[in-house]
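Since every read-out is calculated from the coordinates, none of them should be taken as a lab result. All figures in this text were calculated on a predicted structure; none of them were measured in a lab. Virtual Cβ from ideal backbone geometry, glycine too; neighbours counted across all protein chains shown.
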Amino acid sequence: MFGIKSISQTSCLTVALLLACATNSMARTAPLLSPPSPLMPGQRAASPSKPEKENKPALILQAKVTSVDKEFEHESFKMHSVVKASVFAFKPGDDQNKIGYERFWFHDGKAIGVEKRNNLDVPAGAAVQIHVVQTSLSSQHTKAAANVVMRLVLDTLIHKREVAGVTVSANAFSAISQELQFRNGHILPEGQDPPRDAHVIFELNAEASDQKQTFYWI
């Protein structure tokens with residue numbers, strides 16, 4: 001079971017336009033999450049073990065990546081080719097009762113804005129399944145999808161919940177896998193245990209397919 005904790009009467013919207021050049025590498029770009037990243041020095045995941053497949057998810061976080069038709073305007077410039085990721089939460093088998101969780105805006109794979117819509121009342125130790133849906137296979141959408149995967153994974157771990165797995169479209173699986181590797185992700189060879197100093201570990205799955213890879217970060 002999970003519930004909602006209201007954060008304010010009006011949605012909390014932050015749009016921070018990133019004007020400086022930044023890379024997509026996790027090692028050099030801090031995630032724009034409210035809590036600190038679990039990749040901070042000295043912090044580690046609760047257990048550096050492989051994802052527990054038998055741990056059924058108590059919650060599903062579904063992110064839908066879409067294009068933004070209108071331009072982003074600032075005092076001195078306009079920004080085109082903006083991609084939005086709308087994140088909803090619901091219990092398995094109850095997708096008719098989705099709850100708006102967060103919204104992200106991306107440009108060229110970099111986050112330029114975030115809107116926190118609700119806090120989830122989900123206990124520590126609960127398993128969370130992450131599902132990312134793309135409406136396009138363009139590079140802009142794929143970069144945004146990989147970015148939102150990392151943000152939701154880190155958000156789950158920092159709240160001491162477990163990542164039951166990450167599911168993406170089968171036709172976007174390879175491209176998202178490459179993006180995660182570009183962000184310093186390592187693919188764990190099948191049958192091997194993750195390194196002791198691995199901080200983030202999760203299984204990437206292709207929807208309606210046998211394709212899967214276990215990713216970890218050091």
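Okay, here's what the table says:
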quantity: Ranked 179, 190, criterion: other C-beta atoms within 10 Å, fewest first; calculated: 190, 179
quantity: Per-selection metrics, segment 82-183 (Cα): Rg and Dmax in Å; calculated: 13.4, 36
quantity: Tally of Lys pairs whose C-alpha atoms are under 15 Å apart, taken over segment 58-173, 8 or more apart or cross-chain; calculated: 9
quantity: Computed label-point distance, nm, for sites residue 55 and residue 121 using a 7 Å Cα→Cβ extension; calculated: 2.3
quantity: Å³ per residue enclosed by the Cα convex hull of segment 140-218; calculated: 90
quantity: Segment 58-173, relative contact order in percent, only Cα pairs under 8 angstrom and at least six apart counted; calculated: 28
quantity: Inter-part distance where segment 122-158 and segment 187-204 are each reduced to a Cα centre, Å; calculated: 18
quantity: Separation in nanometres of the label points that stand 7 Å from Cα toward Cβ, at residue 178 and residue 76; calculated: 3.6
quantity: Theoretical gain in end-to-end length, residue 186 to residue 209 [0.36 nm per residue, Cα-Cα removed]; calculated: 6.2 nm
quantity: Exposure proxy ranking, count of Cβ atoms within 10 Å, fewest first, for 196, 183; calculated: 196, 183
